[in-house]
Amino acid sequence: MLCLVPRRGALPPDAEAQDPAGVSGPRKGVGSLALPSRERSRFVCQSCGAVTPRWVGRCESCGGWNTIVEETVERRAVAAGSTRRVAFVGLAGETDPPPRTATGIAELDRVLGGGLVAASAILVGGDPGIGKSTLLLQAAAALARAGRRVLYVSGEEAVEQMRLRARRLGLAGGAETGLGLAATSNLRDIAATLEAERDAALVVIDSIQTMWLDTLDSAPGTVGQVRACSHELIRLAKTHGFALALVGHVTKDGAIAGPRVLEHMVDAVLYFEGDRGHQFRILRAVKNRFGATDEIGVFEMTGQGLAEVPNPSALFLAERRGNISGSAVFAGLEGTRPVLLEVQALLAPNAGGSPRRSVIGWDGGRLSMLLAVLETRCGLRLAASDVYLNIAGGLRVTEPAADLAVAAALASAVSDRPTDPGTVYFGEVGLSGEVRQVAQAESRLKEAAKLGFATACLPRRVARGNRRPASPEGLQLAEIGHLSDLVAQFAAPG
Ligand code: TYD
Ligand code: MG
């Protein structure tokens, strides 16, 4: 005989709510029988966090292959009958700024917006081997030296390895008595320890991808584990008032391994970037609930760990050779901080086929646009050449203000005439070749003057409201209205 009772899994979870009177017959029986609180599984993309009801080979949300993993979720009813009411307050009123603890590493404090905020969570992301553990160990030791208690939990390295690193960094002097090291990845143990901890100022978890909670079946590093472990650690940080630093490795495509979800859970996200072939490292805030997000800190990886670089321009320009065509100095801005950088362009005859455009440290699309403007509006012949563009020092520039410096480097390379070594360039270029104003001209000029530059090529004021930026002493301003004026400087004889 045919049975009309549907299979258990075939019912939507809230079927009973949708059909309270049970008018559809057999459903009522099943609804009252099943689904009180039980484990179910769902399928989560490890790269974007999308959830699908069944396993698929390719994530429909981000397009990743083989990224879907089954995870168990515990279903619990939302506690009913809460008598607590949420209190709303008005916009007016005083709130004290959050208490901060300076780590003693000025470049790190600058990025954090003035130091670590108590009861907050920060995520430090970056490629493996870039120096995250080194930075955090140095910060932990500096805090400990200042008399604060710091706990450093590593799921990646043994205590002996951490001690070796500390010795290499010159940190094992005995003044860091408040620093506790531990090697474990068992989050249950860590949580129990932190629950009893009363006076830690900072807790470092290195890395969140190695942490593991035994209530979940999934492996360490999966979205579920990372999310559950972070959630528990952040809860502890909020209740016990310590600052929590989570280390996260970054996948090839730039997402913090798998779970971007983590970025939403923490108060600040700092990325540690750099080219492993170069010694410079940039610490960049991409999210900060307690400060500006456009700050950077600059470090140099040395044999004794990370050294702060208070004057990055001098470092980035240190290896510049004068009198070579294809090089121009860009007066850039990283956050609120002016940074001078060398832009290098090289043209090579194309051996056949479509010409190459190769860019390191800048946007390829922007280079193509600039080449088209130089060709169409300024009459430079570039179509038959391979073009290579490089921002020296391993820094990545995202500002459109670099257009003028790139154009100068390209024009210099085409004409084989060096740019004036005492000149800096900044300005955005539009499609008709006009040079446009950019933000914070004055701090760029100040930095150029500080480093001994004599001339700055910058956009001409067009609108009447545009104030001429104050020129620091000793710096000449050369205003450029159209890109062809710049190109003409390289074409002129002498
Ligand atoms: P590490 O902090 O372990 O990187 P992450 O935690 O981001 O994976 O940094 C490791 C690299 O830094 C390694 O390649 C060696 C180099 N390093 C130095 O050059 N000098 C030093 O003093 C230290 C400790 C590391
Ligand atoms: Mg590490």
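The values are calculated or read from the model by the stated rules, or taken from the named source; none is laboratory data. Here the structure is a predicted model, which is why all the values come from computation and not from measurement. Cβ placement follows ideal geometry from the backbone for every residue including glycine, while neighbour counts extend to all protein chains displayed. Accessible surface areas use protein heavy atoms only, side chains included; no ligands, DNA or RNA. Shrake-Rupley method; radii C 1.70, N 1.55, O 1.52, S 1.80 Å.
What figure in square angstrom, to the nearest 10, would you give for the accessible area of residue 41 with a 1.4 Å probe?
Result for residue 41: roughly 50 Å² accessible.
Keeping all protein chains in place, calculate the accessible area per residue for the chain (probe 1.4 angstrom), answer in Å².
I get 50 Å² per residue for the chain.
Which peptide among 244-250, 156-162 comes first, and what is the full order, when sorted by highest mean count of other Cβ atoms within 10 Å?
Top to bottom by mean Cβ count within 10 Å: 244-250, 156-162.
How far, in degrees from 0 to 90, does helix 132-145 lean away from the longest principal axis of the Cα atoms of the chain, to the nearest 10?
So the helix axis and the longest Cα principal axis differ by about 80 degrees.
Which FRET efficiency value, to the nearest 0.05, is calculated for residue 415 and residue 263 with the Förster distance at 60 angstrom and r the Cβ-Cβ distance?
My answer for the efficiency is 0.80.
Order these peptides, 337-346, 370-379, by their mean beta-carbon neighbour count within 10 angstrom, highest first.
Taking the mean over residues of other Cβ atoms within 10 Å, the ranking is 337-346, 370-379.
Quick check: net charge around residue 315, other residues with Cβ under 15 Å of its Cβ, Lys/Arg +1 and Asp/Glu -1?
-4
Would you mind classifying region 408-479 by shape? Square roots of the alpha carbon gyration tensor eigenvalues, ordered a ≥ b ≥ c; an a/c under 1.5 is rounded, otherwise it is prolate if a/b is larger than b/c and oblate if not.
It is oblate, given that a/c is not under 1.5 and a/b is not larger than b/c.
Starting from the Cα gyration tensor of region 294-339, take the square roots of the eigenvalues, sort them a ≥ b ≥ c, and report rounded, prolate or oblate (rounded when a/c is under 1.5, otherwise prolate if a/b is larger than b/c, else oblate).
Verdict is oblate for region 294-339.
Output the peptides 110-119, 62-71 sorted from most to least packed, where packing is the average of other Cβ atoms within 10 Å over each peptide's residues.
Highest mean packing first, the order is 110-119, 62-71.
Could you calculate the contour length gain from residue 158 to residue 491, that is, 0.36 nm times the residue separation minus the distance between their Cα atoms, to one decimal place in nm?
Fully extending the segment from residue 158 to residue 491 adds 113.6 nm.
As I understand it, the value is the acute angle between the Cα axis of helix 223-240 and the longest principal axis of the Cα atoms of the chain; what does it come to in degrees, rounded to 10?
Long axis of 223-240 versus the principal axis of the chain: about 90 degrees.
Between residue 186 and residue 286, what FRET efficiency comes out of the Förster formula 1/(1 + (r/R0)^6) with R0 = 25 Å and r the beta carbon distance, rounded to 0.05?
After rounding, the FRET efficiency stands at 0.25.
Shape verdict for region 77-235, please, from the Cα gyration tensor: rounded (a/c under 1.5), prolate (a/b greater than b/c) or oblate.
Taking the square roots of the gyration eigenvalues as a ≥ b ≥ c, region 77-235 is oblate.
So what is the 222 nm mean residue ellipticity for the chain from helices alone, if each DSSP H run of at least 4 adds -39500 (n - 2.57) and you divide by all residues, rounding to the nearest 500 deg cm²/dmol?
After summing the helix terms and dividing by the residues of the chain, the value is -7500 deg cm²/dmol.
Just the number, please: carbon plus sulfur as a percent of the accessible area of the chain, 1.4 Å probe, no ligands or DNA/RNA counted.
C and S fraction of accessible area: 52 percent.
By how many nm would the segment from residue 199 to residue 350 lengthen if fully extended, with 0.36 nm per residue of separation less the alpha-carbon distance?
Gain on stretching residue 199 to residue 350: 47.8 nm.
Quickly work out the residue 336-to-residue 477 label distance, labels modelled 7 Å from Cα along the C-beta direction, and quote it in nm with one decimal.
About 2.3 nm separates the two model spin labels.
Give me the aspartates and glutamates in straight-line cross-link reach of residue 450: C-alpha distance below 14 Å, same-chain residues under 8 apart excluded.
List returned: 442, 473.
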